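Asker: Can you keep this structure in mind? I'll have questions shortly.
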Amino acid sequence: MSIERKLKQRAQRRAFRVRNKVKDSGKLRLSVFKSLNHIYGQIINDQEGKTLISCSSLEIKDLKGDKKAIAFAVGKELAKKAKSQGIESVAFDRGDSMFHGRLKALADGAIEGGLKI
């Protein structure tokens, strides 16, 4: 088996493990995706299969600073949108990524904005 295939399978196992723990909690899910240049977050209701709120670094104008600062601002904006719709707590779904760097900054911004993760 090739190295690339092993790494892909490892990432899939990690994503499924994280997602199953999040779904078992019964809360709304804060799913995060990061590309090389941008970061995206959305709050999903898995019972209905609908996205309730979404926010990304593309939507927020006048963002300056490094990628962590931008991720922090996206988390704060996402929390503001969630508070306006009455959402208090969510479960954090990091997918197959590790919880550090930009993902941690987004989570910290959401917590500072008033969401309970």
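Asker: For segment 81-117, give me each residue that is assigned to a helix (DSSP H, G or I), among the basic types (Lys, Arg) and more than 16 Å from THR51 (Cα to Cα). Quick ask: steps written out before the conclusion?
Answerer: From segment 81-117, those assigned to a helix (DSSP H, G or I) are 81-84, 102-113; that's our starting set.
So of that shortlist, the ones also among the basic types (Lys, Arg) come out as 81, 83, 102, 104.
If the condition is that a residue be assigned to a helix (DSSP H, G or I), among the basic types (Lys, Arg) and more than 16 Å from THR51 (Cα to Cα), then ARG102, LYS104 are the ones that fit.
Asker: Can you report the number of residues in segment 65-80 which are under 25 Å from LYS21 (Cα atoms) and either assigned to a loop (DSSP other than H, G, I, E, B) or of a type in the set (S, T, N, Q) (or both)?
Answerer: Our first condition is that a residue be under 25 Å from LYS21 (Cα atoms); within segment 65-80, this holds for 71-72, 74-76, 78-79.
Going one step further and asking which of them are either assigned to a loop (DSSP other than H, G, I, E, B) or of a type in the set (S, T, N, Q) (or both), we end up with none.
Count: 0.
Asker: Do you know which of the residues in segment 54-77 that are over 13 Å from PHE33 (Cβ atoms) and not charged (D, E, K, R) is nearest to the chain's Cα centre (by Cα)? Please lay out each step first, then the result.
Answerer: Our first condition is that a residue be over 13 Å from PHE33 (Cβ atoms); within segment 54-77, this holds for 59-70, 72-73, 75-77.
Then drop every residue that is not not charged (D, E, K, R), which leaves 60, 63, 65, 69-70, 72-73, 75.
On the way: ILE60: 16, LEU63: 19, GLY65: 20, ALA69: 15, ILE70: 14, PHE72: 11, ALA73: 13, GLY75: 8 Å.
Here the answer is GLY75.
Asker: Could you tell me which residue of segment 30-53 is surrounded by the fewest Cβ atoms within 10 Å (Cβ to Cβ), considering only residues that are over 25 Å from ALA69 (Cβ atoms) and under 16 Å from the mean Cα position of the chain (by Cα)? Full working, then the answer.
Answerer: Our first condition is that a residue be over 25 Å from ALA69 (Cβ atoms); within segment 30-53, this holds for 44-52.
Restricting the remaining residues to those that are under 16 Å from the mean Cα position of the chain (by Cα) gives 44-46, 50-52.
Working: ILE44: 20, ASN45: 13, ASP46: 16, LYS50: 9, THR51: 12, LEU52: 16.
Per the stated criteria, the residue is LYS50.
Asker: Could you list, in sequence order, all residues of segment 45-64 that are touching a helix residue (DSSP H, G or I) at 6+ places or on another chain (Cβ under 7 Å) and assigned to a strand (DSSP E or B)?
Answerer: Looking only at segment 45-64, we keep the residues that are touching a helix residue (DSSP H, G or I) at 6+ places or on another chain (Cβ under 7 Å), and these are 46, 53, 55-57, 60, 63.
Correct list: ILE53, CYS55, SER56.
Asker: Based on what the data block shows, is GLN12 surrounded by fewer than 15 Cβ atoms within 10 Å (Cβ to Cβ) and modelled with pLDDT under 90? Walk me through it before giving the result.
Answerer: Working: surrounded by fewer than 15 Cβ atoms within 10 Å (Cβ to Cβ): yes; modelled with pLDDT under 90: no.
Taking the combined requirement at face value, the residue does not satisfy it.
Asker: Further question on the same structure: Give me the residue from segment 22-40 that is in a helix (DSSP H, G or I) and in contact (Cβ under 8 Å) with a residue 12 or more places away in the chain and, out of that set, nearest to LEU103 (Cα to Cα).
Answerer: Of segment 22-40, the ones in a helix (DSSP H, G or I) are 22-25.
Now drop any that are not in contact (Cβ under 8 Å) with a residue 12 or more places away in the chain, which leaves 22-23, 25.
Numbers: VAL22: 16, LYS23: 19, SER25: 20 Å.
Residue satisfying both the conditions and the ranking: VAL22.
Asker: Taking ASP96 as meeting all but one of (1) crowded, with 17+ Cβ neighbours inside 10 Å; (2) within 22 Å of ALA11 (Cβ to Cβ), write down the number of the exception.
Answerer: Every condition holds for ASP96 apart from (1).
Asker: Can you tell me which condition LYS76 does not meet? The list is (1) surrounded by 13 or more Cβ atoms within 10 Å (Cβ to Cβ); (2) basic (Lys, Arg); (3) touching a strand residue (DSSP E or B) at 6+ places or on another chain (Cβ under 9 Å), and all the others hold.
Answerer: Condition (3) is where LYS76 drops out.
The values are calculated or read from the model by the stated rules, or taken from the named source; none is laboratory data. The structure displayed is predicted, hence computed values, not measured ones. Note that we place each Cβ from the backbone using ideal geometry, even for glycine, and neighbour counts take in every protein chain shown.
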